[in-house]
């Protein structure tokens, strides 16, 4: 089923080799794509590199894009595959929130507590298995519908529903210690 | 509806993904179940916490570098070179296998197995992946050679 795509015109021009049109697509999508990749990898340098790889790959594979989904969804599918490959290959480095220690700082108490909460929540999300993190990120931060997440992840809607349920259960578990200490 | 089922359906309900029938069912259950109402509130609180996590600024040269990478004639040449090498490696492997089978048949099957460690002296797997190639190309851009 073809869906209306706000990028359709730029995609059509890009397919004909119009680099200016593709540059416009890059400008349009780079910010949310970088945010998504950063939330998946947790490291800005890796996120920058992988965002670039995803964009370059989308150019290389554009002729094969048939428009069965929005360009944005297709681009996220490329990025999702790259992120999940990268995350599953590396050793886990994220620490559960209960083991985190706040940095020594002289900033105001409120700002310190906000940073501490952010750090704890980020760690709780980073500890989720890659596919759960991907589904949660696309839902919470990219505001994608389940059907769109399913296309971006190459899963069924039912599988996305299940991933999101498990992600939310695990997130609750990961935040439990911080909650007991009154951090969040 | 029992609590266990309601709790399983709450995330989709909160995300407005439950169909009308399910939605009414859940709402009827919530109206009479304080524990599940509490669970829904906790779920909302968790999702609000997620909003705390910020993302760093977009690297300023990301679009420039991306487009430079795409425009780089070097990238196309590197890719073409790799593809040609892979094709040649595949052809060489086929010839070697055929030669091995032929030699084996001449020796009457007395030689069994390959090298000591069982691996081929040359493997297509040793070729860099496309990610490696992209990585190299990125390095070129970073070093100012790909501009």
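Tell me, what is the Rg over Rh of segment A:1-67, with Rh the Kirkwood radius over Cα pairs? A ratio of 1.01.
Within the listed set A:170, A:143, A:81, the residue fluctuating most in the Gaussian network model of chain A (springs between alpha-carbon atoms under 10 angstrom) is A:143.
Note on A:163-170: average number of Cβ atoms from other chains within 10 Å of each residue's Cβ is 3.
Relative to the current alpha-carbon distance between residue A:27 and residue A:158, full extension at 0.36 nm per residue lengthens the span by 43.9 nm.
Pull out the extension gain between residue A:12 and residue A:113, defined as 0.36 nm times the separation in residues minus the alpha carbon to alpha carbon distance; nm, one decimal.
Working: separation 101, 0.36 × 101 = 36.36 nm, distance 4.87 nm.
Residue separation times 0.36 nm, minus the Cα-Cα distance, leaves 31.5 nm.
Counting each pair of different Cα atoms once, what's the Kirkwood radius of chain A in Å, rounded to one decimal? Intermediate results must be reported in sequence, preceding the final value.
Values: mean 1/r = 0.0562 Å⁻¹.
Evaluated on chain A, it is 17.8 Å.
What's the exposure ranking of A:69, A:139, going from fewest to most Cβ atoms within 10 Å?
On the way: A:69 21, A:139 24.
Ranked by crowding around the Cβ, least crowded first: A:69, A:139.
Would you calculate, for chain A, the mean residue ellipticity at 222 nm contributed by helices, counting each DSSP H stretch of 4 or more residues as -39,500 (n - 2.57) and dividing by all residues, to the nearest 500?
Numbers: 8 runs with 129 residues, N = 184.
Mean residue ellipticity, 222 nm, calculated: -23500 deg cm²/dmol.
Relative to one another, the C-alpha centroids of segment A:1-67 and segment A:154-177 are positioned 27 Å apart.
If R0 is 56 Å, the Cβ-Cβ spacing of residue B:8 and residue A:43 corresponds to a FRET efficiency of close to 0.95.
Note on residue B:31 and residue A:130: the model spin-label points, each 7 Å out from Cα along the C-beta direction, lie 4.6 nm apart. Relative contact order of chain A: 23 percent, from C-alpha pairs under 8 Å at least 6 residues apart in sequence. Modelled spin-label separation between residue B:61 and residue A:181, with each label point placed 7 Å from Cα along the Cα-to-Cβ direction: 3.9 nm.
Each reported figure results from applying straightforward, stated rules to the coordinates on display, with no laboratory input. What you are looking at is a predicted structure, and each value in this text was computed from that prediction instead of being measured. Here the Cβ is made from the backbone with ideal geometry for all residues, glycine too, and neighbour counts use every protein chain on show.
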